[in-house]
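The values are calculated or read from the model by the stated rules, or taken from the named source; none is laboratory data. Note that the structure is predicted; figures quoted are calculated from it, not measured. Calculation scope for accessible area: heavy atoms of the full protein, side chains included, ligands and nucleic acids excluded. Shrake-Rupley method; radii C 1.70, N 1.55, O 1.52, S 1.80 Å.
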Amino acid sequence: MRNHFFNFSILLITSSIFSCNKIEKQVNDESELVPSKYIEQNQSDTLKEPNYIAIFDQDSKKKTQLSINELRIINHNLIKGVNDYNDKLKIRLEKWNKESKTSTLDFEKEKLNLRYFYRQYFVSTNESGDKIVNVFCFCVYYDDDWRKNQVYVMDGGNCYLNITINITKNKIEYFGTHGEA
């Protein structure tokens, strides 16, 4: 019986050694093909970074410009949208904290603050001839490519906002944060 156990142990150890060598070789082969690279994540702070807006034409995705008055309208509506969102969030969190027996959420940590969002504006005209700006706000970026190309993300929670503003009518048509997976 001992002999069978000894033979089985030797077989198990031998097969483990050969398996490890194959796995190590596969990893080495893959790492030679795809070198790993550290990507730095940049947190936004518009007080430290004055150039925090990129403006594009919605259709061509090429850089474009807006007038100072149009930028004021956008900024006014962004502030209004964020304040409305925060007012509703505060009510929801107060209710949650009252009903929850195990956790509390801090409004000051959860609320949106435009100071911490970079922005991309996509300008278009709707079928009525109104000038529309789709605003995409994001709180982190990985390189300056966002200043030249549209940023696409999936989920991301309240680190990403989408706002549609009708500049002609000076009103918000849509405001929402992203979901979380």
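Side notes on the structure shown:
- Computed over protein heavy atoms with a 1.4 Å probe, the carbon and sulfur contribution to the accessible area of segment 83-181 reaches 48%.
- Residue-by-residue Karplus 3J(HN,Hα) for segment 123-129, coefficients 6.51, -1.76, 1.60, Hz, glycine and proline x: 9, 8, 10, 7, 5, 8, x
- Solvent exposure of segment 90-136 as accessible area per residue, Å², 1.4 Å probe: 66
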